[in-house]
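The structure appears below as structure tokens.
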Amino acid sequence: MTVKIFDTPEVQDFLEAVSGLDQQGGNERAKRIVHRLVADLFKLIDDFDVTEEEYWSAVNLLNALGSQTQFGLLSPGLGFDHFLDMRQDAIDAEARRSGGTPRTIEGPLYVAGAPEAEGFARMDDGQDQNGEAMWLTGQVRDVDGNPVAGAKVEIWHANSKGGYSFFDKTQSEYNLRRTIYTDSEGRYTARSIIPSGYGVPEGAPTDVVLKSLGRHGERPAHIHYFVSAPGHQHLTTQINLAGDPYTFDDFAFATREELVVPANRIEAADEIAKREMDGPFCEVVFDVALSTTDATELQVRHKRPRAKEDEQDQASQQAGTAKV
Ligand code: DHB
Ligand code: FE
């Protein structure tokens, strides 16, 4: 087919009407963005001769993604989360903020309001029969190497089946989710279990999209972090455990070389006793370096609707206003 109508005056005028650019009310930025988005898609339909069947099956797929709340899963799979990270890295580089632990994607599975502890927390509820004991520890420092006492370290990860509490209703509330404040030496420690990798559910709409691209939906075993402290830039990151088949083949593109950490098996009786573990365990050490900043907006995580985020946050997000 050779029909190309995108550049005709009728289509260009039509795009103005579709995006409300010929109307007084509404939001100017929304109009500009919708104009660009719809124009790009119209052009794509023209250029690729998208058929009616293809178009309506795409609408159907979008409905399936939405009804199963899977856009938050598809987003990292299609690289949007990592692209936003690349932009933030470039913004930091331009402002000469460098040297801290690299950021990487948050993912869709954070839940606010996890139990808080000082220095040490046990994160698992002891119910995971296949859970291999993990001792997770590290020190938070500034980029000059000074320990940061009282830093807020939020950690969340999957169980031995790759499931996250809250989303996986078989797990207890806040299982494998804790907030730990660093001690006077900037150290945090958690006793938990080694997580398994995560896979996009087989047959789910996200899986359908990935399969059509010849891709898989697997993530390596990983542990999520938010780290913050007054006077320092908020850090969203994750560690990927070394040796997982997907460590360097992550469908969500979250792996960064500096964030690959080994889990070392420890069997010595004195080490087991010192940590009051029940037997051999794996030790994972992750030290964090935070950039210094006076800018208060850089000291908090960006706003985003999150499960159980406090009500004031949700209300101000919906109203499009900042929390005061
Ligand atoms: C997804 C799951 C994760 O655990 C994660 O960290 C990132 C993305 C996902 O399902 O898309
Ligand atoms: Fe995750």
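Charges were assigned to the Cβ only: +1 to each Lys and Arg, -1 to each Asp and Glu. The resulting dipole of the range 55-140 about its Cα centre is roughly 360 debye.
Using a probe of 1.4 angstrom and keeping all protein chains present, the accessible surface of the range 9-50 works out to 75 square angstrom per residue.
Working note: Cα atoms of the range 113-248, range along each principal axis, descending, whole Å: 50, 33, 28. Reducing the range 239-284 and the range 131-201 to their Cα centroids gives an inter-centroid distance of 12 Å. Solvent exposure of the range 159-224, expressed per residue, is 41 Å² of accessible area, with all protein chains present and a 1.4 angstrom probe. Taking amide H as placed 1.01 Å from N in the peptide plane, GLN299 has its amide H under 5 Å from the amide H of HIS234, each at least 5 places away in sequence or on another chain. Highest mobility in the GNM of the chain, judged by mean-square fluctuation with C-alpha springs under 10 Å and restricted to VAL300, VAL284, VAL50, is found for VAL50. With no solvent and one point per C-alpha, what does the Debye sum give as log10 I(q)/I(0) for the range 1-75 at q = 0.11, 0.24, 0.27 Å⁻¹? Here the Debye-derived log intensity ratios amount to -0.39, -1.09, -1.12.
Any idea how far apart ARG122 and THR170 come out in nm if each label point goes 7 Å out from Cα toward Cβ? Using points 7 Å along Cα→Cβ, the separation is 2.2 nm.
GNM remark for the chain: springs join alpha carbons under 10 Å apart, and the peak mean-square fluctuation among ARG215, ARG187, ARG177 falls on ARG215.
In the elastic network of the chain, a GNM with C-alpha springs shorter than 10 Å, the most mobile of ALA17, ALA295, ALA117 is ALA17.
May I ask you to derive the FRET efficiency for GLU28 and HIS302 from their Cβ-Cβ distance with R0 = 22 Å, giving the value to the nearest 0.05?
FRET efficiency, GLU28 to HIS302: 0.45.
Evaluating kT/(6 pi eta Rh) at 37 °C and 0.692 mPa s, with the Kirkwood radius of the range 73-323 over Cα pairs in the Stokes-Einstein relation, gives 173 µm² s⁻¹.
For the range 73-323, with all protein chains in place and a probe radius of 1.4 Å, 50% of the accessible heavy-atom surface sits on carbon or sulfur. What percentage of all Cα-Cα pairs in the range 9-50 are separated by more than 12 Å? Above the 12 Å cut-off, the range 9-50 has 58 percent of its Cα pairs. With Rh defined as the Kirkwood radius, the inverse of the mean 1/r over Cα pairs, the Rg/Rh of the range 252-308 is 1.16.
To two decimal places, what compactness ratio does the range 86-133 give when its Cα radius of gyration is scaled by 2.2 N^0.38 Å? If you can, show how the numbers build up before the last one.
Working: Rg = 17.2 Å, N = 48, 2.2 N^0.38 = 9.6 Å.
In units of the globular-protein estimate, the range 86-133 measures up at 1.80.
The lysines within cross-link reach of LYS308, meaning a Cα-to-Cα straight distance under 16 Å and a gap of 8 or more places when in the same chain, are LYS169.
Near LYS303, which lysines are there with a Cα under 17 Å away, not counting those fewer than 8 places off in the same chain? Qualifying lysines at Cα under 17 Å: LYS323. Were the residues from PHE14 through ALA273 laid out at 0.36 nm apart, the gain over their Cα-Cα distance would be 85.9 nm.
For the chain, the relative contact order is 19 percent, taking Cα pairs closer than 8 Å that sit 6 or more residues apart in sequence and dividing their mean separation by the residue count.
The values are calculated or read from the model by the stated rules, or taken from the named source; none is laboratory data. Here the structure is a predicted model, which means the values were calculated and not measured. Glycine gets a Cβ as well: all are built from the backbone with ideal geometry, and neighbour counts include every protein chain shown. To get the accessible areas, we keep the full protein, side chains included, count just its heavy atoms, and leave off ligands, DNA and RNA. Shrake-Rupley method; radii C 1.70, N 1.55, O 1.52, S 1.80 Å.
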